[in-house]
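Heads up: the structure comes next, in structure tokens.
The values are calculated or read from the model by the stated rules, or taken from the named source; none is laboratory data. These numbers were taken from a predicted model, which means no experiment stands behind them. Positions of Cβ are backbone-derived with ideal geometry, glycine not excepted, and every protein chain shown enters the neighbour counts. Only protein heavy atoms, including side chains, enter the accessible area calculation; ligands, DNA and RNA are left aside. Shrake-Rupley method; radii C 1.70, N 1.55, O 1.52, S 1.80 Å.
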Amino acid sequence: MPSKPPIPFDNSYARLPGRFYSPQDLTPVSAPSLVILNDTLAGELKIAPDWLRGPDGVNTLSGNDIPAGATPISQAYAGHQFGGWVPQLGDGRAVLLGEVIDKNGQRRDMTLKGSGRTPYSRGGDGRAWLGPVLREYVVSEAMHALGVPTTRALAAVATGDPVDRGEPFPGAVLTRVAASHIRVGTFQYFAAKQDTEALKILCDHVIKRHYPGAKSPLDLLYGVISRQAALVAKWMSFGFVHGVMNTDNMTISGETIDYGPCAFMDQYHPGTVFSSIDHQGRYGFSNQPAAAAWNLAQLANSLLPLMGDQDAAIRHATAAIDGFTQQFDDHWLTLFAHKIGIASPRDDDRQLIKRFLDGLEQGEADFTNGFRGLLQGDVPDNLTDWKADWQARLAEQDRDPQTLMRAANPAYIPRNHRVEAMIGAAIQGDFAPLERIMGILAQPFDDQPDALEFRNLPTVNEMVLQTYCGT
Ligand code: AMP
Ligand code: MG
């Protein structure tokens, strides 16, 4: 009797025309060993964790074996990087093994990141090292635990091969799971080639997969705009800076993708920029809604050839993009109102929230702890007047603010200095800090009395001022 394949693949993207991707051979690695596995996610995907832990599983997760049913491909896309147009990017260090229909009937991509060169690698080696792989593993899973739509991490494997980043670092492969890896840049790729037939096929594929209710490219555009407005507002409600919001790093599904130079703020400052390559602060904390709207305008542009009469199409697409700001502002108000315990915000609550944020900024206070402190009614010294107004406002509602605030203000975020320390230990072969940080970040809204030190700000020596794409 033929045995059931260990991974139940069903690969819809690989059934699209050949110009959407390149079939991909995988480059073997010397000595793969499993660093961390996400058992819960494996279960969701109907893959046995024990199989993934075994030799066949580890060979699959490192690219040494192609499991039954996989059709490895690297996807073609283009993109605007820091505003500059790049007509061909594509998966330069990632390979889509295939798709799985999960326990909830959702189609999910399973991708190896760091698995070797592809036709899209340009000058790169197609590899990743352990640091960025574990960083993405930890931060993406923390985002999920916070309730933010995101790509997920199924596993990290060390390859046994060095990766040259000026000096040798231990190589690694991340297995990333996503609703899909289709990006704004995927639409731009075909639009720039004036390949309207491919655009139409892509549009139909995406509607079926992510927006089954959409009846037209314009509906699709509206759908993506509303998911991105919700997403960016959520990022900001947790002090998250994505860092590299290029159009190739914005998904059509509305999931956060590409954890390169991202970081959660410690001290609150609206201009916070981490990325070492973001010299203009284009993707700084408070610029994120504008960056998202800019990217969505590029999506709108790419969809125009599918939208019939061009004068009308431009009018409709412009109206859709103009709606982004209002949607973002509404999400922002709701999320931040919950953070200060207000269930149903009024327009003037925006002022109350802004005064609190200004107070945090002037007091050089920590964003996460500043909000979490409100559960105990604690505010920085410079906010005592604000506190009186806030409490008067809370007295006007009959809802208990505690439950709202507890669910909106995490005690634990992946603080940069903790992530860096975890990586430092992992390079030495010590994965205990990785296990510990994953355990803590799985329950970010719980008080965890044995993990209080993970709420602390970095000392001057521990402060991480810059983050790197450095994969
Ligand atoms: P990112 O800035 O991470 O979104 O990557 C931008 C582009 O560079 C994508 O096409 C990546 O696939 C490619 N890329 C990044 N790192 C590497 C690498 N080590 N080898 C090959 N391509 C890479
Ligand atoms: Mg990218």
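For the chain, the per residue solvent-accessible surface stands at 40 Å², with DNA, RNA and ligands left out and a 1.4 Å probe.
Working from label points 7 Å from Cα in the Cα-to-Cβ sense, the Q81 to N104 distance is 3.4 nm.
Computed from phi, the 3J(HN,Hα) profile of segment 97-108 under the Karplus parametrisation 6.51, -1.76, 1.60 (θ = phi - 60°) reads 5, x, 10, 10, 8, 7, 4, 8, x, 8, 7, 10 Hz, with x in place of Gly and Pro. Residue separation of K208 and H417 scaled by 0.36 nm, minus their Cα-Cα distance, works out to 71.1 nm of gained length. Distant-in-sequence amide contacts of V241, defined by a placed amide H-H separation under 5 Å and a gap of 5 or more residues or a different chain, comprise A263, F264, M265. Using just its DSSP H runs of length 4 or more, each adding -39500 (n - 2.57), the chain gives a mean residue ellipticity at 222 nm of -12500 deg cm²/dmol after division by all residues. Protection proxy ranking for 43-51, 167-175, 180-188, using the average of other Cβ atoms within 10 Å per residue and placing the highest first: 180-188, 167-175, 43-51. Measuring nothing but protein heavy atoms, the accessible surface of the chain at 1.4 Å probe radius is 52 percent carbon and sulfur. Per-residue packing, averaged as other Cβ atoms within 10 Å, sorts the ranges 147-160, 59-72, 356-369, 14-27 into the order 147-160, 59-72, 356-369, 14-27, beginning with the highest. What does the charge count around S121 come to, taking other residues whose C-beta lies under 12 Å from its C-beta (Lys +1, Arg +1, Asp -1, Glu -1)? Local net charge: +2. Given their separation in residues at 0.36 nm each and the Cα-Cα distance between them, K215 and D195 gain 5.1 nm when the chain is fully extended. The simple Förster model, with R0 at 30 Å and r as the Cβ-Cβ distance, assigns R436 and Q402 a FRET efficiency of 0.60. Couplings 3J(HN,Hα) of segment 290-307, computed from phi: 5, 5, 5, 4, 4, 5, 5, 5, 5, 5, 4, 4, 5, 7, 3, x, 9, 9 Hz, in residue order, whole Hz [Karplus 6.51 cos²θ - 1.76 cosθ + 1.60, θ = phi - 60°; x for Gly and Pro].
Could you tell me the calculated FRET efficiency between S344 and T384, based on Cβ-Cβ distance and R0 = 25 angstrom, to the nearest 0.05? With R0 = 25 Å, the Cβ-Cβ based efficiency is 0.45. Taken about its Cα centre, the chain carries a charge dipole of about 1140 debye when Lys and Arg each add +1 at the Cβ and Asp and Glu each add -1 at the Cβ. If a spin label sat at a point 7 angstrom from the Cα of A290 along the line to its beta carbon, the backbone N atoms of segment 52-82 nearer than 18 Å would be those of 81-82.
In this label model, A392 and E364 are separated by 3.2 nm, measuring between points 7 Å along each Cα→Cβ vector.
Taken along the Cα-to-beta-carbon direction at a fixed 7 Å, the label points for Q326 and Q443 span 4.3 nm. Number of Lys-Lys pairs in the chain with C-alpha atoms under 29 Å apart and a separation of 8 or more places or on different chains: 27.
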